[in-house]
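The values are calculated or read from the model by the stated rules, or taken from the named source; none is laboratory data. Bear in mind that the values here come from a model prediction, so they are computed numbers and not experimental data. Methodologically, a virtual Cβ is constructed for each residue, glycine included, from the backbone with ideal geometry; neighbour enumeration extends over all protein chains shown. For the accessible areas, the whole protein counts, side chains as well, though only heavy atoms, and no ligand, DNA or RNA atoms are used. Shrake-Rupley method; radii C 1.70, N 1.55, O 1.52, S 1.80 Å.
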Amino acid sequence: MSDKILIVDDETEIADLIEVYLKNEDYTVFKFYTAREALECIEATPLDLAILDVMLPDINGFTLCQRIRERHTYPVIMLTAKDAEIDKITGLTLGADDYITKPFLPLEMVARVKSQLRRYKKYNLPPTERDSHILRCSDLVLDTKKHECLLNDKPVLLTPTEFSILQILLENKGNAVSGEELFHRIWADEYYTKSSNTITVHIRRLREKLKDTLENPKYIKTIWGVGYRIDEKQP
């Protein structure tokens, strides 16, 4: 069964172009030009990924992303205007996994979609009986097969990107992982720049969900000038 992808963009030419390229890759596409129509699809259809334009005529893409994150963890890619850095940061803060700046190359869009779906599928494999896929740190538990995160035995809803970051840090307990390394391991492309806020925003949102703080972190520590680290032993 092909993956189901939602496209929401009021620029019909862009939405139609994305649809053509994704259908050529055998994806099932649900295309809408307004957010309200898309909301009906979100409620009624099991989806694997959503592509949302920020500027929509009725409800903006940020609100739509929030609505998705209330119930779903599948990847969300935001389409933003050229050089609109604030749109990128806002989208990531609200739970988006990636963003693409208009104008874009259709093949880049397809590559980003494939990358997000690979990670999403990887972390939603059927569970096994082995505990080798259980990562722990104090009262924080990550099951990489079930794609579950538990904090004090209570589930924490993470996006695929947040889950990936936490998994990488837990797999490297005691060692600092740079923002650049996190970026390349998650997105596997060369678009990282030293000024990129992408990882920083995801880390901030992840800390909020883990009830962690920058000033006195229990889990994710910032190693200034280096990156981030989760220690072997936590207080």
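A few comments on the model shown:
- Candidates are the residues of the range 112-148 that are over 15 Å from the mean Cα position of the chain (by Cα) and farther than 18 Å from L158 by Cβ; the one that is modelled with the highest pLDDT is S132.
- With a requirement of 2 or more residues that are of a type outside the set (S, T, Y) and open to solvent by 30 Å² or more (accessible area, probe 1.4 Å), the strands (runs of 3 or more DSSP E) lying completely within the range 132-176 that satisfy it span 134-137, 148-151.
- Of the candidates E215, E232, E181, E190, the single residue that is modelled with pLDDT under 90 and not in a loop (DSSP other than H, G, I, E, B) is E181.
- Residue match in the range 1-9 (condition: hydrophobic (A, V, I, L, M, F, W, C) and modelled with pLDDT under 90): yes
- First in the range 140-161 and farther than 14 Å from Y120 by Cβ, second anywhere and among the charged types (D, E, K, R), Cβ under 6 Å, 6 or more apart: N152/D139; V156/K209
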